[in-house]
Amino acid sequence: MHKNRVGRWAKAKPRAPKKGESSWAYFARVYGSITWILHGRADEGLSMFYCGNVTGGGWSCLEIDSDSDYPIEDLVENTGNEELEDLFVFHGGAHHGRAFAFDPREVSSAGEQAIIPFDDNLTRLPRRVKPERIVPFGDWLYKRVVALTKVAERNLRELS
């Protein structure tokens, strides 16, 4: 069912980004998705949510999918706010208030879009982020992974 995504990272080799390629476009081209599933006491202290890109689901603290299947048109219809239709939800957890989306209203000189918190109850867009203050997706992901890893490693050490 998930043949195109499961293990794709194992074959991926870091490459130089293409000219003008944003860190998100690079991630999407090279890796495509990432899902981190933890269980039991290993996930204590992490913001977990039920993820949908694995067969049978699972509890995740990180679920990124470059082929987002979030039905943004349903949110637009439910809220009546057409400004929401350009959001691209790239991180799972929308039903738990733990998702993230790209806000394309402003774009940095490197082609990066602002990353905003997202959930199913979003009714209006947050303030615009100035292009020079936009954090590249790659930096955002790195900081997020480091923070999650610290907690998970501490939990795993305590289990052994």
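Observations, loosely collected:
- Coil-residue trypsin sites (Lys or Arg not before Pro) of segment 82-148, DSSP, other Cβ within 10 Å capped at 16: Arg124, Arg127, Arg128
- Accessible surface of segment 31-143, 1.4 Å probe, proportion on carbon and sulfur as whole %: 46
- Charge sum, other residues only, whose C-beta stays under 11 Å from Gly97's C-beta, Lys/Arg counted +1 and Asp/Glu -1: -1
- Using a cutoff of 8 angstrom between alpha carbon atoms and counting only pairs six or more residues apart, the relative contact order for the chain works out to 20 percent.
- Per residue, the chain exposes an accessible area of 63 Å² to a 1.4 Å probe, with every protein chain left in place.
- Calculated volume of the Cα convex hull per residue in Å³ (choose from [x] 155; [y] 133; [z] 203), label: [y]
- Its DSSP H runs of at least 4 residues, each contributing -39,500 (n - 2.57), put the calculated 222 nm mean residue ellipticity of the chain at -8000 deg cm²/dmol, to the nearest 500.
- Counting only protein chain heavy atoms and rolling a 1.4 Å probe, the accessible areas of Ile64, Ile72 rank, largest first, as Ile72, Ile64.
- In loop segments of segment 16-90 as defined by DSSP, the trypsin sites (Lys or Arg not before Pro) with at most 11 further C-beta atoms inside 10 Å of their C-beta are Lys18, Lys19.
- With Cα atoms, 0 to 90° folded angle of helix 137-159 axis to the chain main axis: 20
- Each other residue within a Cβ distance under 14 Å of Glu82 adds +1 if Lys or Arg and -1 if Asp or Glu, for a net charge of -4.
- The local environment of Arg29, defined by Cβ-Cβ distances under 10 Å, has a net charge of +1 under the rule Lys, Arg +1 and Asp, Glu -1.
- log10 of Debye I(q)/I(0), alpha-carbon scatterers only, for segment 69-160 at 0.15, 0.24, 0.26 Å⁻¹: -0.66, -1.21, -1.32
- Per-residue ³J(HN,Hα) for segment 105-119, Karplus 6.51 cos²θ - 1.76 cosθ + 1.60, θ = phi - 60°, Hz, x for Gly and Pro: 5, 10, 9, 6, 5, 8, x, 8, 9, 5, 9, 10, x, 9, 8
- In straight-distance terms, cross-link reach from Lys19 covers every one of the aspartates and glutamates whose alpha-carbon lies under 16 Å from its own, apart from those fewer than eight places away in the same chain; here that gives Glu112.
- When only the Cβ of Lys, Arg, Asp and Glu is charged (+1, +1, -1, -1), the dipole of segment 39-144 relative to its Cα centre reaches about 620 debye.
- As a calculated quantity, the FRET efficiency between Asn78 and Ile37 at R0 = 35 Å, using C-beta atoms, amounts to about 0.75.
The values are calculated or read from the model by the stated rules, or taken from the named source; none is laboratory data. What you see is a predicted model, and the numbers here were worked out from it, not measured in a lab. As a convention, Cβ positions derive from the backbone with ideal geometry for all residues, glycine included, and neighbour counts pool all protein chains shown. SASA here: full protein model, heavy atoms, side chains in, ligands and nucleic acids out. Shrake-Rupley method; radii C 1.70, N 1.55, O 1.52, S 1.80 Å.
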